[in-house]
Each structure stands twice: as C-alpha cells, then as structure tokens.
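Okay, structure first, notes after.
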C-alpha cells in the first residue's frame with residue numbers, strides 16, 4: 001500500500017530519515033540523543049526488513065525504491081552499530097550514567113507517562 005490514509009510513503013520516509021539525521025547530528029553533544037539514535041536505528045531496520053519482506057511475499061517482487069530504502073537503512077545500521085550496542089547495554093543494565101538518568105528523568109517528567117523502568121531521584 002503506497003498511500004496509507006492518502007499519504008504517500010515518501011512523506012513519512014523523509015520525516016524518518018530527517019529524524020535520524022537530526023539525532024545523528026545531535027548525538028555528538030547529547031548522550032540522550034545518542035541513546036535515542038540507537039533505538040531509532042533498530043526500529044528503522046525492523047521497518048525496512050518488514051517492508052521488503054512484505055513486498056516480496058505480497059507482490060512477488062521488490063520495487064527499486066524499496067530496495068534503495070532497505071540498502072540505505074542497512075548501511076545506516078552498519079555505520080551505527082556502536083551506537084546500537086551502547087544503547088542496548090544501557091537498556092539491558094538499566095544504566096545509571098548521567099546521560100541515561102537524564103533521559104529517564106525527562107521521560108518521567110512528561111505528563112501521562114507511566115513506565116516501571118523509570119528511575120526517580122530522591
């Protein structure tokens with residue numbers, strides 16, 4: 001489906017790549033952005049794999065744009081593998097470094113947010 005809800009696939013795709021670019025540029029100065037970038041890269045790779053698989057199983061072929069997106073995402077994930085590993089370690093051990101706690105505090109301060117993994121300072 002190239003136009004879910006009447007929106008061309010290219011628009012959310014551009015927004016996603018723009019968000020990734022923004023996080024990549026910010027991640028050199030901001031540890032929470034670096035951790036979010038790791039999670040974003042994992043989500044992007046899952047979405048690209050899902051879409052490529054869906055194209056092959058549903059339509060029996062892969063369009064050039066889907067192939068280009070999947071390859072570009074694979075390159076981004078390979079380039080960001082260190083960031084992904086760092087984010088995974090932080091999540092796995094419920095990291096207590098200042099950057100991780102700052103991220104958790106900012107998430108905890110948002111209204112309507114209830115997460116059992118949020119660390120509250122006392």
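Suppose R0 equals 25 Å. What FRET efficiency, 1/(1 + (r/R0)^6) with r the Cβ-Cβ distance, do residue 65 and residue 25 give to the nearest 0.05?
Details: r = 25 Å, r/R0 = 1.00.
E(calc), rounded to 0.05, equals 0.50.
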What is the stretch 10-84 by shape, rounded, prolate or oblate, if you read a ≥ b ≥ c off the alpha carbon gyration tensor as root eigenvalues and call it rounded for a/c under 1.5, prolate for a/b larger than b/c, and oblate otherwise? prolate
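Laboratory data are not the source of any read-out in this text; all were calculated from the coordinates shown. Quick caveat, the model's predicted, so the values are computed rather than measured. Please note: Cβ atoms are built from the backbone with ideal geometry, for glycine as well, and neighbour counts cover all protein chains shown.
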